[in-house]
Amino acid sequence: MSLENDNPGRLLSSLIKELKSLALSNIEYFQNGNQSHHAKYHTSFCLLYEYLDMGIEPNIAGLLPRLSDFDVSPDLKGNGYRSLLRIVYKCCLHLAQLLRYIVVNRDSILFRRAHYCKEVEAYVSTIGQLRACLYYANKLINYCQDGNLFADEENLNENIAEQLMEEVEMLNQDCFYGRCLGFQFCDSMQRPLHAVAIAMASFSEGYQENSQVMQLATSLVSSGKYWMNPELRAQQVVYTTRTADVSFCKAFWGITETEIMKSLPSLVCPPVQVNEVISLGPDSFEMPTEDGSDIVMITPPCSHTGPGHVQVRLISSLIRQGQECHLKQPPKSKNGRPAPKLAPKAPGLLVHCHGGGFVAQSSKSHEVYLRHWAKELNVPILSIDYSLAPEFPFPRALEECFYAYAWATQNCDKLGTTGERICVGGDSAGGNLMISTAMRAAEFGIRRPDGVMAAYTPVLVRYTPSPSRLLCLMDPLLPVGILSRCLAAYAGVSD
């Protein structure tokens, strides 16, 4: 059932009505119980009813009349406030399933009372924090003009903005990283998200060790307790995300750069015949504008350290015409057989930029999916290894990406493509850099990419309160604390 395509007020109202009925049934059942867990169940169901009746319902009612004011278009009903309501809806769905099960099985001798008591407490705590998020969303929406998800800074003075964000960021986040971690995502995402949280919690314990071997050993030993104890895991994750510096982010995301992980793509991913690192520049070169009316000069990246090379990785499922100039070992004849015939040039090219919060990872760590893309798209991929912050803050990475893109459009014949279609793509920070590269190409008047694929990309980075800041509080992959430190590093702002 889609909350976006149907009436969100009707769906939520119906679900909350059922939840309140189930809560009352359980309150009546457990209020006179003489066992220790009965009191805990009773307290949790009383809190749940209060949260729904006094917090969730009135705050939803305050948001509903203005939802359409912030939609992408009349035909595309989507915005941050709708996303927040969708998350509330998902939490209520989980609660409804849990309470239905309890009502049916609470008299059974096989009913796991202690386990389901903890489940109820966890989800009631989560709905309580979502109630707080809805409260702040109602405060925020009064400062937003129609169509603008960021608060109007002219009507929101700096003190109010800072106070609002401080209050939001002081909300208890533990509930979002414990038993309820990833409740807002589909079932297939649950295990991967739990694995990431366990890895972060356990890695943070071994982070201070001097050697990678000791870091790995400490992390492995610690992972068991965080798998068995979701509450302890939540506390460690929240503490880490609030206190960790950029060096921790580099180290944690850099796990994929270890020798063991680097060999993984060649073992589990489709084979590719071309996987070569190329160094571009640092020479300037001329290229025509898209309309052919002028010539522009493309200069190498210069910010912070002066002109320098740009490292890129060329990946291709087949060795194509023109690519042989980059191969360390060009195809040769073997055992009297002629050298393999080069495949014809592909009509397309994908220029890719990896994610990692502007501070970590590389094209090598993203090979897991790049190899699949190279085979399934049947085009060469040029992945850019831009310089990382905080050592190389903005705009160095953007300069390198633009230089590599311009070089690629000028040298399609050396990349195994005719250049008939050139697209750019990236995830997270990489998506930001590819969007910026496309904008700079338009500004210079050179050939613009035929398409841009940007996955979970930060495009508007402001401290002004917005629904996305609320959603970051419960993001299992990139919590707001880590996001803020990475952006500060990229902007050249020291902690």
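The values are calculated or read from the model by the stated rules, or taken from the named source; none is laboratory data. Only a predicted model underlies this, so the values are computations on that prediction, with no experimental measurement involved. Cβ coordinates were reconstructed from backbone atoms using ideal geometry, including for glycine residues, and neighbour counts include every protein chain displayed. The accessibility values were calculated without ligands, DNA or RNA, using every heavy atom of the protein model including side chains. Shrake-Rupley method; radii C 1.70, N 1.55, O 1.52, S 1.80 Å.
Can you give the charge dipole size of the stretch 8-172 about its Cα centre, rounded to the nearest 20 debye, using +1 on the beta carbon of Lys and Arg and -1 on the beta carbon of Asp and Glu?
The calculation lands at about 1180 debye.
Please return the longest stretch of the chain lacking exposed loop sites, where trypsin sites (Lys or Arg not before Pro) count only if DSSP places them in a loop and at most 14 other Cβ atoms lie within 10 Å.
113-327
How large is the translational diffusion coefficient of the stretch 8-172 in µm² per second when you combine the Kirkwood radius over alpha carbon pairs with Stokes-Einstein at 20 °C and 1.002 mPa s?
Working: Rh = 17.4 Å.
This corresponds to a translational diffusion coefficient of 123 µm²/s.
Helix 212-228 versus the longest principal axis of the chain: what is the Cα-based angle in degrees, 0 to 90, to the nearest 10?
Between the helix axis and the principal axis of the chain, the angle is about 30 degrees.
Where does the longest stretch of the chain lie that holds no chymotrypsin sites (Phe, Trp or Tyr not before Pro) found in a DSSP loop with 15 or fewer other Cβ atoms within 10 Å?
Counting at most 15 other Cβ atoms within 10 Å as exposed, the longest clean stretch of the chain is 186-455.
Check each of the GluC sites (Glu not before Pro) in the stretch 97-182 and keep only those in coil by DSSP with at most 15 other C-beta atoms within 10 angstrom; list them in order.
When the GluC sites (Glu not before Pro) of the stretch 97-182 are filtered for loop state and at most 15 Cβ neighbours within 10 Å, 153, 154 remain.
Can you send over the carbon and sulfur percentage of the accessible area for the stretch 8-172, probe radius 1.4 Å, protein chains only?
Carbon and sulfur together cover 49 percent of it.
Lysine pairs in the stretch 8-172 with alpha-carbon atoms under 21 Å apart, 8 or more places apart or on different chains: how many are there?
Summing the qualifying lysine pairs gives 7.
With the full set of protein chains in place, find how many percent of the accessible area of the stretch 349-495 is carbon and sulfur; take the probe as 1.4 Å. Working shown, then result.
Details: 3100 of 5410 Å².
Carbon-and-sulfur percentage of accessible area, whole number: 57.
May I ask you to derive the relative contact order of the chain, considering only C-alpha pairs under 8 Å and at least 6 residues apart, and to give it as an integer percent? Provide the component values of the computation, followed by the final result.
On the way: 768 pairs, mean separation 67.7, N = 495.
Relative contact order for the chain comes out at 14 percent.
At q = 0.06 Å⁻¹, what log₁₀ I(q)/I(0) does a Debye calculation on the Cα points of the chain give, no solvent, two decimals?
Per q value, in the given order, log10 I(q)/I(0) is -0.36.
Using the heavy atoms of the protein chains alone and a 1.4 angstrom probe, what is the accessible area of the chain per residue in square angstrom?
Values: 24100 Å² over 495 residues.
Counting only protein heavy atoms, the per-residue value for the chain is 49 Å².
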